[in-house]
Structures are given as C-alpha cells and as structure tokens.
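For reference, the structure is listed below as structure tokens.
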Amino acid sequence: MNDNRLGSAVSPYLRLHADNPVDWREWGPDAFAEARARDVPVLVSIGYATCHWCHVMARESFADPEIAELLRQDFVAVKVDREERPDVDASTMAAAAAFTEQLGWPLTAFMTPDAHVFFAGTYYPPTPVGAHPAFRQVLGAVLDAWRDRRTEVHANASAIATAIRQGTTEATDGGGDGRGGAEPSLPSVDTIRGVVDALAQGEDADHGGFGGAPKFPSAPLLEFLADVAADGDDQAAGLLERSLLVIARSELTDADGGVFRYATKRDWSVPHYERMLYDNAGLLAIAPQDQARGIADFLRDTLRRGDGAFVAAQDSESTIDGRRVEGEWYRLPLGERPRFDPPPLDDQVLTGWNGLAIRGLAIAGARHGDDEMLDLARAAADAVLAAHVQDGHVVVRSSTPRGASTAPPTIEDVGLLAEGLLELALVTGELRYATAARSLVDDGVAGALEVDPVLAASGTATGEQPQTALRSGTVALANASALLGALTGDDRSRPAAARLVADRARTGTTRPLGHADALGVALSLQQPSRELVVVASDPVVLHELRTLAAAARRPGSVVVAVTPEQARAWSAAGFSLLDGRDALDPAAYVCHDHVCALPARSPEELTAQLASS
C-alpha cells in the first residue's frame with residue numbers, strides 16, 4: 001500500500017518525491033502524532049529541489065520498493081524542503097552536529113515521536129562504500145536501537161535536545177530584540193579590522209579565495225571585505241579584488257554570467273553546477289560593473305518569472321540525449337545549449353531570497369548607473385509585496401504557481417525583504433518601498449514571528465543559525481533598523497540594531513566565515529554617520545548625482561536620491577532627513593550626523609565635497 005501524501009505539496013522538492021513508493025508525509029504535528037500512536041521512530045529527510053546528491057539518494061534508495069516497504073512498516077517518513085522550512089533544517093542540523101562533522105544535504109535524521117533527534121547523517125549509498133554504511137544498514141541499526149535500547153535512545157535524544165535549548169538560550173541572553181534596554185558592547189573597530197589580518201593569512205596564494213577545496217563564493221564574507229575596504233583598508237581591498245577576479249575568470253562563473261554554488265577543486269575548477277539565487281544576489285552588491293551586469297543578465301534571463309519575482313535556483317542536472325546527467329548542459333557552448341532542454345528550475349519564490357536580490361540589484365544599479373537593474377528590482381519588489389505581504393506584514397514565505405506554502409515566515413524573510421525594499425527606496429526615491437520596509441522592521445524588532453508547533457513543543461527551535469553563503473535575516477534587519485534611524489532621526493534604532501548583531505559580531509571576531517555580515521554591520525554602527533541626500537527634478541542630473549553619491553558609499557553612510565516632490569512626501573511621512581530638501585533643485589547635501597555642508601549644485605561640486613568629507 002502506498003500512502004505518499006506529497007502530490008498536493010507546494011514545494012517543488014516535495015513534489016519530486018510524490019511518485020516514490022515511500023509513504024512520505026509533510027512535516028507537521030500529524031506525522032509525529034502518527035509515530036506516537038504506532039510507537040515508531042520518524043525518518044526526516046531534508047533536501048532541496050536542485051540538490052544533486054538528494055537526487056542521487058532518491059534514485060538509489062527512495063525509489064526502491066523494498067526500502068519503501070521497510071520505511072512503511074517501521075517508520076513514519078517525513079520529507080522536508082530546507083528552502084521552504086529553514087527553521088526545521090536549522091534545528092535538525094544543530095542536532096546532527098552531534099553525529100557528524102560533514103554536514104550537508106541530503107540530511108538524514110531519525111527522531112523520536114517527540115521530535116528529538118537520536119541519530120543523523122547525510123547521504124547514504126545503496127551499498128557500503130569504505131567507512132560509509134549502506135542506507136539499509138543504517139535503517140536496520142536504527143531499528144535495533146529503537147527496539148532493544150529504547151532507554152538509551154531517549155537519553156541520547158533528550159541530551160541533544162537539552163544542548164540545543166541551552167545553546168539557543170546562551171545565544172540570546174543579554175541581547176534581546178526589542179527597542180528597550182541597554183545597548184550591548186560591539187567588538188571595537190580595531191578588533192574588526194584585525195579579522196582582515198586573519199583572513200589574509202588564510203588566502204590561497206596560488207589560486208585565490210580562502211582555504212582549500214571546496215571553494216565557495218561566500219558573498220557575505222566578500223561584502224565584509226568591501227565594507228572594510230570602503231573604510232580605507234588597502235589589505236581588505238586587495239583581498240576583495242583578487243577574490244572577485246578569480247571568481248569571474250574561473251569555471252565557477254558560467255558563460256551566461258551566472259555563478260555556480262561552489263567549485264569542488266582548490267583551483268576553482270569542476271563546479272557543483274547548481275545555481276542559487278542567493279549566491280548571485282549577494283555577489284551583485286559588491287561585484288565590479290561587468291561582473292554585476294553578467295549576474296543581472298542571468299537573473300533576468302533564467303531565474304525571473306513573468307511577474308518579475310525570482311525563483312530560487314537552477315538545477316545541476318539536465319537530460320541530454322535521454323540521459324539524466326550533472327553539468328553536461330553547462331559544459332556546452334552557449335550556441336549549442338538551445339538544442340537541449342535546460343536544467344529545470346526550483347520554481348519557489350522565497351520572500352527573503354527575493355529581498356536579497358532586490359537589495360543587490362538596487363545597490364549595483366545605483367553604483368554602476370544601470371537603470372535596468374533598478375527596473376528588475378522594482379518588478380521583483382512589486383511582485384513579492386503583492387503576493388507575500390499583507391497589511392505591512394510578511395504572511396507568505398514561499399509560493400509557487402501551485403499556491404502559497406503554509407510554512408511560516410522567518411526572520412530571513414522579514415529582515416532581507418525589509419533591507420532590500422529600503423535600499424530600493426533610497427535609490428529610486430519611491431516612498432512606498434520605504435514605508436513597507438519600516439513596517440517590516442517594526443515587526444522584526446518586536447519579534448512577532450510564529451514558531452513551528454512541533455519545534456516549540458520539543459523545545460528545539462534554534463532561531464536563525466549562522467550561514468556562510470546567505471546574508472543573515474537578523475543582520476539585515478539590524479542594518480535596515482540603523483538606516484531607518486538615519487532617515488527618521490529615531491535614536492532608538494541604533495541600539496536596536498546593536499542588540500541584534502552584538503552576539504554574532506563578537507563570535508565573528510574569531511569565526512568570521514559564518515558571521516562576516518554581522519561584523520560589517522558592527523563596523524558601520526561605530527563609524528561617524530554620513531548622510532548624502534541628492535535632489536533633482538531633471539532625470540539626467542538626478543542619475544549623475546546619484547551615481548556619484550552611490551560610489552562614495554561607505555560604512556555608516558546613508559545615500560538617498562529623490563525628486564523635490566518625493567522629498568516632500570518623505571518628509572511628510574516622518575523621514576526627517578528629507579525635511580526642507582525640496583527648496584533647491586538640483587542640490588546634493590553632504591551631512592554628518594544630520595549637520596550638512598552647503599549644498600552642492602553640480603556634479604563637480606559634489607565630487608569636491610565627497611573628496612574632502
């Protein structure tokens with residue numbers, strides 16, 4: 001009997017498994033209630049739609065009728081899309097760290113009916129390979145433990161759950177997400193700059209980048225280097241320039257401009273061919289003009305939906321001459337690719353990841369004077385606001401053409417979308433994006449987010465965990481809060497931002513890879529403030545002044561470009577930095593802590609003021 005329940009799922013990853021003989025369930029209280037009623041363990045298999053080794057394990061094991069029967073008889077089997085449910089993934093990954101250092105996807109975990117992990121690993125082959133047991137062997141060993149050593153199983157599971165609870169409590173003690181309370185200490189500017197020295201020691205002098213194989217683009221780390229470089233650090237500037245150059249020239253960047261998830265070799269060769277929205281969006285914010293234009297073209301031509309939103313990823317696998325193969329389509333010359341179907345898309349629209357793309361396009365569009373990038377950002381913002389935001393609150397994390405997921409929005413969605421909308425508002429002068437961002441920041445700072453009921457009951461909700469490839473939603477929320485403070489004069493915003501990033505930034509001084517984005521915001525919060533306000537009714541003049549101001553962006557600065565009419569609207573909406581800025585046209589104001597020099601009336605005057613400020 002097959003009772004697979006994934007056929008109606010919204011997630012493309014879950015739907016890929018709808019035809020498995022395994023009786024898959026979606027994550028939720030019902031699956032764990034069934035396990036309690038049957039007194040069986042829960043297999044939780046976590047992956048995502050473009051994950052190559054997830055595909056491999058599905059073909060080797062989850063399509064096997066004998067394994068499916070074993071799972072049906074002795075387990076409740078639950079499939080989770082880590083993109084749809086990052087909360088479940090983060091909690092399970094934290095528990096899995098007790099069993100293996102080689103964390104990744106597919107993530108294979110075994111839980112008690114109380115949702116406590118008692119064993120976990122990643123990919124398991126169909127037959128033993130070296131020290132890696134076969135999946136059947138793992139299932140047999142888990143069942144033996146469940147039947148014969150139940151007391152030990154529960155003791156281990158309880159200990160892991162307790163460790164997760166303690167770790168989560170320690171990470172949040174002394175901080176708090178509200179606007180009240182004392183401002184916590186941030187690592188000093190000198191300490192943050194010292195991190196660059198440590199990164200320089202880890203640079204691969206032969207091939208560029210950091211460390212050995214595999215090599216990741218690590219956009220948050222590179223953006224941290226960009227922040228320190230903009231603050232006058234030549235060493236950071238050199239590390240950034242060399243890293244971006246090798247990424248652009250290596251096999252990690254495809255001929256169409258898109259960037260693959262990582263390279264399997266130290267010399268940046270042999271990519272892992274899946275292409276994620278978050279990698280490309282993160283690089284957009286810091287890439288030089290040609291590289292940024294290539295990435296924007298990839299987003300426009302491959303990941304963009306008809307409504308303007310961006311889907312999550314493109315697969316590594318495609319069908320060539322009837323064979324399902326990894327990477328072969330990408331290895332074809334561009335001119336030959338149209339002969340074959342391209343790798344499929346993970347067609348989820350994720351709120352947070354789109355926020356990251358909006359931010360990257362807005363920053364790059366302003367810096368490089370590229371209006372098409374701004375148009376792409378506007379269209380994505382409008383699509384996400386229409387479908388995923390209601391009455392100023394994020395109500396949908398993930399949607400596809402089949403509908404909206406029931407997965408609750410996370411801090412990633414609120415923070416990244418707020419930051420992206422605010423950056424777009426600053427560049428375009430469109431007030432509606434700023435007011436939407438302000439509402440989202442209020443939500444995020446207040447901590448008004450739903451916790452998954454299974455994780456809440458088990459006490460294993462971890463909150464947002466450090467990430468090496470994706471900008472943190474918590475950090476993005478902090479940055480958006482600080483920017484809003486500069487725009488409104490609200491003196492509560494900076495302490496709120498500091499509370500959000502303080503713990504992460506302190507950890508980042510010794511472990512920068514997962515916390516580089518927090519270090520960048522901590523640096524920004526400790527710099528003298530600088531506000532650049534550009535006002536012009538002539539589009540050509542506004543464009544030129546805005547590009548000059550954007551190029552001068554550095555930590556601790558806010559840059560806003562508006563028409564006189566927009567300046568009046570912003571002022572009326574409570575953004576006091578724009579008060580009275582409609583009096584002169586054109587005018588560019590270079591201000592420090594809201595105290596402004598005489599307005600520059602031409603690009604030449606603005607250039608001179610920026611050089612001396």
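The values are calculated or read from the model by the stated rules, or taken from the named source; none is laboratory data. What you see is a predicted model; the values in this text were computed from it and never measured. No Cβ is skipped: glycine too gets one built from the backbone with ideal geometry, and neighbour counts run over all protein chains shown.
Are any residues in region 328-344 touching a strand residue (DSSP E or B) at 6+ places or on another chain (Cβ under 7 Å) and without any contact (Cβ under 8 Å) to a residue 60 or more places away in the chain, and if so, which ones? Result: Glu328, Trp329, Phe340, Asp341, Pro342. Applying the condition of being touching a Cys at 6+ places or on another chain (Cβ under 9 Å) and of a type in the set (Gly, Ala, Ser) to region 1-49 and asking which residue is nearest to Asp347 (Cα to Cα) yields Gly47. For region 380-388, the criterion of a residue being in contact (Cβ under 8 Å) with a residue 40 or more places away in the chain, under 28 Å from Val541 (Cα atoms), buried (at least 17 other Cβ atoms within 10 Å of the Cβ) and not assigned by TED's automatic domain parsing to the domain that holds Glu83 is satisfied by at least one position. Within region 68-112, being in contact (Cβ under 8 Å) with a residue 40 or more places away in the chain and among the acidic types (Asp, Glu) holds for Glu69, Asp74, Asp81, Glu83, Glu84, Asp87, Asp89. Of everything in region 113-130, what is part of a loop (DSSP other than H, G, I, E, B), small (Gly, Ala, Ser) and either touching a residue at least 12 places away in the same chain (Cβ under 8 Å) or buried (at least 20 other Cβ atoms within 10 Å of the Cβ) (or both)? Give them in sequence order. Ala115, the sole residue that qualifies.
Taking Ala588, is it crowded, with 21+ Cβ neighbours inside 10 Å, not in a helix (DSSP H, G or I) and not assigned by TED's automatic domain parsing to the domain that holds Gly489?
On the way: crowded, with 21+ Cβ neighbours inside 10 Å: yes; not in a helix (DSSP H, G or I): yes; not assigned by TED's automatic domain parsing to the domain that holds Gly489: yes.
It is true that Ala588 is crowded, with 21+ Cβ neighbours inside 10 Å, not in a helix (DSSP H, G or I) and not assigned by TED's automatic domain parsing to the domain that holds Gly489.
Kindly indicate whether Leu361 is part of a helix (DSSP H, G or I) and either without any contact (Cβ under 8 Å) to a residue 40 or more places away in the chain or closer than 22 Å to Arg554 by Cβ (or both). Break it down stepwise before answering.
On the way: part of a helix (DSSP H, G or I): yes; either without any contact (Cβ under 8 Å) to a residue 40 or more places away in the chain or closer than 22 Å to Arg554 by Cβ (or both): yes.
Against the criterion (part of a helix (DSSP H, G or I) and either without any contact (Cβ under 8 Å) to a residue 40 or more places away in the chain or closer than 22 Å to Arg554 by Cβ (or both)), Leu361 qualifies.
Kindly provide the set of residues from region 74-86 that are in a strand (DSSP E or B) and out of contact with any strand residue (DSSP E or B) (no Cβ under 8 Å at 6 or more places or on another chain), ordered by number.
At the first step, the residues of region 74-86 found to be in a strand (DSSP E or B) are 76-81.
Once the filter is applied, which keeps residues that are in a strand (DSSP E or B) and out of contact with any strand residue (DSSP E or B) (no Cβ under 8 Å at 6 or more places or on another chain), region 74-86 yields nothing.
Table: residues versus (1) in contact (Cβ under 8 Å) with a residue 60 or more places away in the chain; (2) charged (D, E, K, R).
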site: Asp30; (1), (2): no, yes
site: Ser45; (1), (2): yes, no
site: Val56; (1), (2): yes, no
site: Asp64; (1), (2): yes, yes
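Is it true that Val270 is surrounded by fewer than 21 Cβ atoms within 10 Å (Cβ to Cβ) and β-branched (Val, Ile, Thr)? Show your work before the answer.
Numbers: surrounded by fewer than 21 Cβ atoms within 10 Å (Cβ to Cβ): yes; β-branched (Val, Ile, Thr): yes.
When the stated conditions are applied, Val270 passes them.
Considering (1) crowded, with 20+ Cβ neighbours inside 10 Å; (2) in contact with a strand residue (DSSP E or B) (Cβ under 9 Å, 6 or more places away or on another chain), the lone condition that Val521 does not fulfil carries the number (2). Taken over region 282-327, the criterion of being among the hydroxyl-bearing types (Ser, Thr, Tyr) and more than 20 Å from the chain's Cα centre (by Cα) is satisfied by Ser318, Thr319. Scan region 317-328 and tell me whether some residue there is surrounded by 15 or more Cβ atoms within 10 Å (Cβ to Cβ), outside the structural domain of Glu83 (by TED's automatic domain parsing), part of a helix (DSSP H, G or I) and among the acidic types (Asp, Glu). Within region 317-328, one or more residues are surrounded by 15 or more Cβ atoms within 10 Å (Cβ to Cβ), outside the structural domain of Glu83 (by TED's automatic domain parsing), part of a helix (DSSP H, G or I) and among the acidic types (Asp, Glu).
Residue count for region 39-84 satisfying the condition of being closer than 18 Å to Ala134 by Cα and of a type in the set (Asp, Glu): 5. Among the residues in region 182-197, are any surrounded by 13 or more Cβ atoms within 10 Å (Cβ to Cβ) and modelled with pLDDT under 95? Within region 182-197, one or more residues are surrounded by 13 or more Cβ atoms within 10 Å (Cβ to Cβ) and modelled with pLDDT under 95.
Of the residues in region 408-429, how many are assigned to a loop (DSSP other than H, G, I, E, B) and either among the acidic types (Asp, Glu) or touching a Pro at 6+ places or on another chain (Cβ under 9 Å) (or both)?
Initial filter on region 408-429 (assigned to a loop (DSSP other than H, G, I, E, B)): 408-410, 429.
Adding the requirement that they be either among the acidic types (Asp, Glu) or touching a Pro at 6+ places or on another chain (Cβ under 9 Å) (or both) leaves 410.
The number of residues fulfilling the criteria is 1.
Only residues that are modelled with pLDDT under 95 and buried (at least 24 other Cβ atoms within 10 Å of the Cβ) were counted across region 415-444, and they come to 1.
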